[in-house]
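The values are calculated or read from the model by the stated rules, or taken from the named source; none is laboratory data. What you see is a predicted model; the values in this text were computed from it and never measured. We place every Cβ from the backbone using ideal geometry, glycine too, and count neighbours over all the protein chains shown. Side chains are part of the model used for accessible areas, which takes the heavy atoms of the whole protein and leaves out ligands, DNA and RNA. Shrake-Rupley method; radii C 1.70, N 1.55, O 1.52, S 1.80 Å.
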Amino acid sequence: MNLTLKVWRQANAEAKGRMETYPIADVSPDMSFLEMMDVLNEQLMGQGIDPIAFDHDCREGICGMCSMFINGEAHGPDRLVTTCQLHMRKFNDGDTITIEPFRAKAFPVIKDLTVDRSSFDRVQQAGGFVSVNTSGNTQDANSIPIDKHDADKAFDAAACIGCGACVATCKNASAMLFVSAKVSQYALLPQGKVEATDRVMNMVKQMDEEGFGNCTNTGACEVECPKGISLENIARMNREYLYASLKG
Amino acid sequence: MLLRVYALILVRKLNTMSLTSSTIGRKVAMALSGLFLVVFLTQHFTINFISVFSENTFNEISHFMGNNPLVQFILQPILIFGVIFHFIMGFVLEIQNRKSRVVQYNMYKGSANASWVSRNMIWSGAVVLSFLGLHFYDFWFPEMNYKYVEILPLDPNRYYEEMTHKFHDYLRVILYVISFGFLALHLFHGFASSFQSVGVNNKYSENIKKFAIAFSVVIPLGFIFIALFHHINSL
Ligand code: HEM
Ligand code: SF4
Ligand code: FES
């Protein structure tokens, strides 16, 4: 396949970026999107052009590092995949593909297509954990009975890989799907219930301080999330938050 | 859980700070004011619809609503507060949301993952707001003028006349029809969405959504029908 790529180039966080156009020839439909980017970078280096910076790590859809807003959608046109799991067969010979970084005030660009998602880490640090006493008398987790239904829901929420596609996609750059997955994952389990009130208050406070937008229930996040995190989690977080703020 | 939440709302005083300063608090306030307006809309529709069947009953109810102190001095101010709160909060959230993405995408496929109505609530809301301007000019200001400024004598039989007179003008009818079209769009997303906002997403949600969608189509169509009915009658 022969393609035309329009890529966001930005030398560093302060620089003013712009779209650059690069042709690329002989792309195999079996390549992953990131492999295609690797080939493009080889080509650019051959021409003495600075290669395009983009995030990646596992390349199998579990780390959440690969970002990219491809043809107007987070992780491209495919569903339930990350960019590393997106294949070139989803595109046609002769296509022009627009590639941009994830955009949100809380995700500033570092260089080209890489963005700083440490705002997610700070939200997580604000309450996304269980403080257990590991002094030797901790109860074995397997001895605490948990409703199968709750365990499944907690597990589904825990599948969130923190990629940020929900924020990138949302017209309001809202992080509610991410935060609600992290809140739910604990709120559903007895170990997490102990600190549920503080957790939801602190995580939402941090989310707001980072400058993420407000949810308007468009549902775009759920559609673009590579892990199929459900909007049900946002409703759960809203309940938890209401309950926690009224309890004071 | 949900019952406990609402029980707590009833017994404790509302924590106004977190309800209007945090994203979730604002969202819930938006949803509750929206739901309140939906209830009001249903009541308003019922009364208007009666005008199609019976001039006398319509006059009686209008007279009651216009002169009962509970309605006039308690419910009406609450309603006005609700409307103002709802659209101001709507604009506040819209501004906050726009600020959350400073640099825009060159290519953004909003239609790939979300409906048009859900992405344009501020516009459907703005049309409804300008309609409210017209509506106040048509009915509320004259009413207030009649009762409290010029203090004209009570006339329990004037309402039907006044109303049908307004719908004689076809331009006004067209504006009403367009506005209620936009109200339908607003509610098409907003009504069901408000349940999600207040934390209701469970096995009943599918049915709630069906009801909300039926409501958002039927009630505005009903208002349109009433306007057309009186227009045609007055020809
Ligand atoms: C009779 C009039 C109205 C009714 C019945 C109504 C109803 C609703 C409902 C039920 C919601 C959903 C809340 C949620 O998703 O949590 C909503 C949201 C909203 N409304 Fe209204 N509304 C009315 C008028 C207005 C007006 C005049 C504006 C002014 C601009 C407006 C702007 C908005 C906005 C911006 C939202 C938020 C959108 C979102 O969260 O998705 N509405 N409305
Ligand atoms: S909720 Fe989905 S889209 Fe959002 S960060 Fe988690 S995995 Fe990514
Ligand atoms: S590189 Fe790890 S999810 Fe794509």
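Points worth noting:
- Every residue from the stretch A:110-134 that is of a type outside the set (Ser, Thr, Tyr), in contact with a helix residue (DSSP H, G or I) (Cβ under 9 Å, 6 or more places away or on another chain) and open to solvent by less than 80 Å² (accessible area, probe 1.4 Å): A:Leu113, A:Val115, A:Arg117, A:Phe120, A:Val123, A:Gln124, A:Ala126, A:Gly127, A:Gly128, A:Val130
- Qualifying residue in the stretch A:211-228 (condition: at the interface with chain B (Cβ under 7 Å from one of its Cβ atoms), under 17 Å from A:Ala154 (Cα atoms) and of a type in the set (D, E, K, R)): no
- Contact map, the stretch A:7-19: residues that are under 12 Å from A:Pro108 (Cα atoms) paired with residues that are β-branched (Val, Ile, Thr) and surrounded by 17 or more Cβ atoms within 10 Å (Cβ to Cβ), Cβ distance under 7 Å, separation 6+ or inter-chain. Pairs shown: A:Gln10/A:Val109; A:Ala13/A:Val109.
- Taken together, the residues in the stretch A:128-172 that are over 11 Å from the mean Cα position of the chain (by Cα) and hydrophobic (A, V, I, L, M, F, W, C) amount to 13.
- Scanning the stretch B:216-228 turns up at least one residue that is open to solvent by less than 50 Å² (accessible area, probe 1.4 Å) and either of a type in the set (S, T, N, Q) or more than 18 Å from B:Ile47 (Cα to Cα) (or both).
- Residue match in the stretch B:119-132 (condition: near ligand 1 (Cβ under 10 Å from one of its atoms), within 14 Å of another protein chain (Cβ to nearest Cβ), within 30 Å of A:Pro108 (Cα to Cα) and assigned to a loop (DSSP other than H, G, I, E, B)): yes
To keep it simple, each residue is scored yes or no on (1) exposed (fewer than 13 other Cβ atoms within 10 Å of the Cβ); (2) more than 14 Å from chain A (Cβ to nearest Cβ); (3) in a helix (DSSP H, G or I).
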residue: B:Leu75; (1), (2), (3): no, yes, yes
residue: B:Val83; (1), (2), (3): no, yes, yes
residue: B:Arg98; (1), (2), (3): no, no, yes
residue: B:Arg101; (1), (2), (3): no, no, no
residue: B:Lys147; (1), (2), (3): no, yes, yes
residue: B:Tyr160; (1), (2), (3): no, yes, yes
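- Listing of helices (runs of 4 or more DSSP H) fully contained in the stretch A:184-248 that carry 2 or more residues being buried (at least 24 other Cβ atoms within 10 Å of the Cβ): A:196-209, A:220-224, A:232-247
- B:Ile219 being away from chain A (no Cβ under 14 Å), in contact (Cβ under 8 Å) with a residue 40 or more places away in the chain and either assigned to a loop (DSSP other than H, G, I, E, B) or among the aliphatic types (A, V, I, L, M) (or both): yes
- Annotation note: of A:Asp156, A:Asp152, the sole residue that is assigned to a helix (DSSP H, G or I), within 16 Å of ligand 2 (Cβ to nearest atom) and of a type outside the set (A, V, I, L, M, F, W, C) is A:Asp156.
- Total residues in the stretch A:126-178, condition in contact (Cβ under 8 Å) with a residue 60 or more places away in the chain and of a type in the set (S, T, N, Q): 2
- Restricting attention to the stretch A:2-34, the residues that are assigned to a loop (DSSP other than H, G, I, E, B) and either in contact with a strand residue (DSSP E or B) (Cβ under 9 Å, 6 or more places away or on another chain) or open to solvent by less than 40 Å² (accessible area, probe 1.4 Å) (or both) add up to 12.
- Residue among A:Glu73, A:Glu60 that alone is among the charged types (D, E, K, R) and within 13 Å of ligand 2 (Cβ to nearest atom): A:Glu73
- Taking the numbered list (1) within 16 Å of ligand 3 (Cβ to nearest atom); (2) in a loop (DSSP other than H, G, I, E, B) in turn, A:Gly128 passes all entries but (1).
- Being among the hydroxyl-bearing types (Ser, Thr, Tyr), open to solvent by 10 Å² or more (accessible area, probe 1.4 Å), closer than 26 Å to B:Gly110 by Cβ and in contact (Cβ under 8 Å) with a residue 12 or more places away in the chain is a condition met by no residue of the stretch A:64-76.
- Of the listed requirements (1) farther than 19 Å from B:His189 by Cα; (2) under 25 Å from the mean Cα position of the chain (by Cα), B:Met107 misses just one: (2).
- Considering residues of the stretch A:98-108 that are closer than 23 Å to A:Thr21 by Cα and more than 8 Å from chain B (Cβ to nearest Cβ) only, the residue most open to solvent (accessible area, probe 1.4 Å): A:Pro108
- One residue from B:Leu175, B:Leu171, B:Leu183, B:Leu187 being part of a helix (DSSP H, G or I) and loosely packed, with under 15 Cβ neighbours inside 10 Å: B:Leu171
- When the stretch A:47-91 is filtered for residues that are in contact with a Lys or Arg (Cβ under 6 Å, 6 or more places away or on another chain) and outside any loop (DSSP other than H, G, I, E, B), the ones remaining, listed by number, are A:Glu73, A:Cys84.
- The residue of the stretch A:158-180 that is farthest from B:Gln196 (Cα to Cα), among those that are surrounded by fewer than 24 Cβ atoms within 10 Å (Cβ to Cβ) and more than 14 Å from ligand 3 (Cβ to nearest atom), is A:Ala158.
- Contacts under 9 angstrom Cβ, first residue in the stretch A:78-94 being on the phi > 0 side of the Ramachandran plot and in contact (Cβ under 8 Å) with a residue 24 or more places away in the chain, partner open to solvent by 60 Å² or more (accessible area, probe 1.4 Å) and within 14 Å of ligand 2 (Cβ to nearest atom), 6 or more apart: A:Leu80/A:Lys227
- Any hit, the stretch A:117-133, residues being touching a strand residue (DSSP E or B) at 6+ places or on another chain (Cβ under 6 Å) and either more than 16 Å from ligand 1 (Cβ to nearest atom) or at pLDDT 95 or above (or both): yes
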